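We did not get these values from a lab; they are worked out from the coordinates using the rules stated. Keep in mind it's a predicted model, so treat the numbers as computed, not measured. Please note: Cβ atoms are built from the backbone with ideal geometry, for glycine as well, and neighbour counts cover all protein chains shown.
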């Protein structure tokens with residue numbers, strides 16, 4: 001079966017920069033793909049490209065986005081608009097500002113249904129109440145007339161999710177859905193997303209920089225660095241045996257209770273430098289920050305090497321370090 | 001993966017989402033004890049926390065303001081007078097009914113006296129309110145509609161559409177507006193309708209500029225992006241997502257626009273460019289102008305009517321500004 005979403009060699013260009021380069025990934029129906037990377041690695045732009053909602057100055061310069069056997073880049077504005085919300089939906093990082101402040105939440109959920117399913121006002125309101133129940137908002141029939149400022153951040157994000165799943169999309173893109181929420185609420189919201197994914201048989205593209213989220217909720221992980229995919233793996237493999245030096249750095253830079261790496265070793269390590277140093281460099285984008293960089297790294301961008309069908313890594317020097325799961329000797 | 005209690009949550013089919021804890025809620029509506037305990041943030045908020053919606057709060061602020069209250073009361077009086085004028089004085093106010101130059105309170109039949117041709121001043125003022133209000137309200141409604149539509153389109157779409165419309169606005173703004181008004185009225189036959197249209201033509205650019213500025217700011221907000229990501233079309237985004245958020249300054253401006261339109265109509269009538277067959281406050285001042293040293297009440301009384309009506313509208317504008325200004329509003 002063909003995957004639901006197939007992104008092939010996607011390159012996004014601004015007039016002076018290419019924040020996403022040659023990115024490929026696939027999402028099958030009902031699967032959660034996590035895209036991980038630090039700020040500026042092109043995660044959010046990728047999401048906007050999937051929705052065809054890139055900022056005016058940005059353009060997809062090459063590549064294909066195939067969703068459900070349709071090339072999204074070939075659709076006109078009207079076809080794309082009909083697709084958005086009905087087949088692909090998106091939830092955003094900031095639940096505080098993603099809801100219209102002067103409209104009740106019931107009205108806002110109903111709006112989606114009026115647009116796509118041509119429901120009347122009354123029917124849309126009924127469905128809005130059902131959807132609020134679906135995202136576990138208590139006393140939904142009272143809450144439906146509330147305005148966004150009357151809700152907490154977690155509840156607003158639930159409302160956003162209700163709007164996104166209102167027409168039962170096949171693909172839900174969640175762009176850092178929990179970054180603005182505190183940790184307990186974060187788990188609830190992600191649980192809710194996961195439950196809805198199974199219930200509605202949606203595929204989810206979960207964009208995050210939180211490795212804990214990846215470990216718990218993803219079926220497949222793509223690690224991005226400076227607009228490129230540097231590693232792709234199943235979450236278990238990624239956490240037990242990170243191959244790319246950047247992934248190793250990320251993992252050793254995050255605190256983990258049951259860590260193989262440095263539970264007792266005190267300080268967290270950091271990745272030196274910043275992602276800005278990737279700009280204008282020839283060769284591997286991670287080279288300026290990589291402690292195991294060699295002269296040959298500057299010659300060309302390392303191609304993705306398939307270790308197994310699910311495991312891709314864009315670094316030729318991984319096997320020698322595989323057997324050393326100790327942070328101190330990881331050169332990071 | 002998920003720890004959510006999904007057993008209490010039957011499959012979503014045909015839009016029939018089940019409420020997980022309806023029974024418990026029925027017994028304890030204050031604090032619904034959920035079978036699904038994954039939403040403490042939702043439970044911690046009392047349901048009736050904020051019952052006052054935006055609109056109600058704004059109304060409260062507005063009517064707590066004595067100036068605004070006075071303005072509203074006076075405007076209501078003027079409207080009542082305008083509606084009742086044909087009942088109180090069924091005769092043509094331009095007909096000669098008494099001795100000329102009767103001062104106010106001189107003859108009980110003419111409480112505000114008569115003018116140089118023996119016409120009843122009170123009847124003139126009462127009937128004059130009709131034309132002033134008609135011109136003020138209709139010209140504002142027309143100017144507002146056109147200005148909002150032009151400003152919304154320019155501000156929302158930007159690009160060449162914006163350039164084109166801004167040029168159009170600038171053409172109107174570079175011409176002295178009152179001179180343009182005089183020219184417009186002089187070209188066509190002066191009547192209440194043409195004067196109204198001419199005032200609308202010169203007053204829309206202000207609204208258009210204001211609306212454009214609001215739209216440019218609001219279109220960048222996250223909730224507009226969220227609406228686009230849900231497949232909402234441009235028309236709905238403009239009129240149902242952005243416009244309600246842009247309304248407060250537009251409403252405030254519109255009350256001042258009514259006042260300005262009344263002043264313009266008076267000025268035109270004063271110059272003899274108004275409808276000669278209808279009495280208006282401005283034409284009364286115009287005819288009394290030559291007698292200002294002998295019978296000053298002929299200019300002062302309609303002048304006071306204009307002053308108080310315009311003052312009332314400005315007070316309403318100020319009150320609306322206080323009530324609707326986001327800086328004073330806790331929820332935006």
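Assorted remarks:
- Helix A:153-165 vs. chain A, principal-axis angle (Cα, 0 to 90°, nearest 10): 80
- Divided by 2.2 N^0.38 Å, where N counts the residues, the Cα radius of gyration of the stretch A:5-222 comes to 1.00.
- Normalised by the number of residues in chain A, the average gap of Cα pairs under 8 Å and 6 or more apart makes the relative contact order 19 percent.
- Taking only Cα atoms of the protein assembly as shown, radius of gyration then Dmax in Å: 33.6, 116
- Peptide B:236-244, shielding by other chains (average Cβ, 10 Å cutoff): 2
- Neighbour-count order for B:148, B:135, B:61, fewest beta carbons within 10 angstrom listed first: B:61, B:148, B:135
- Residue order, fewest to most surrounding Cβ atoms within 10 angstrom, among A:217, B:103: B:103, A:217
- Spatial offset of the stretch A:121-141 relative to the stretch B:239-282 amounts to 43 Å, using the alpha carbon center of each.
- Kirkwood's formula applied to the C-alpha pairs of the stretch A:154-196 gives a hydrodynamic radius of 10.6 angstrom.
- Measure of compaction for the stretch A:1-106 (Cα Rg per 2.2 N^0.38 Å): 1.14
- Rounded to the nearest 10 degrees, the angle from helix A:121-134 to the longest Cα principal axis of chain A is 40 degrees.
- Spherically averaged projected area of the convex hull of Cα atoms, the stretch B:164-232: 6.5 nm².
- By DSSP, the beta bridges lying fully in the protein assembly as shown are antiparallel in about 60 percent of cases.
- Sorted ascending by nearby beta carbons within 10 Å, beginning with the fewest, B:191, B:283 become B:191, B:283.
- Based on Cα atoms of the stretch B:55-328, Rg over Rh with Rh as the Kirkwood radius reads 1.06.
- Radius of gyration, Dmax [the stretch B:189-280; alpha carbons; angstrom]: 18.5, 57
- Taking every residue in A:194-203 and counting other chain Cβ atoms within 10 Å of its Cβ, the average works out to 3.
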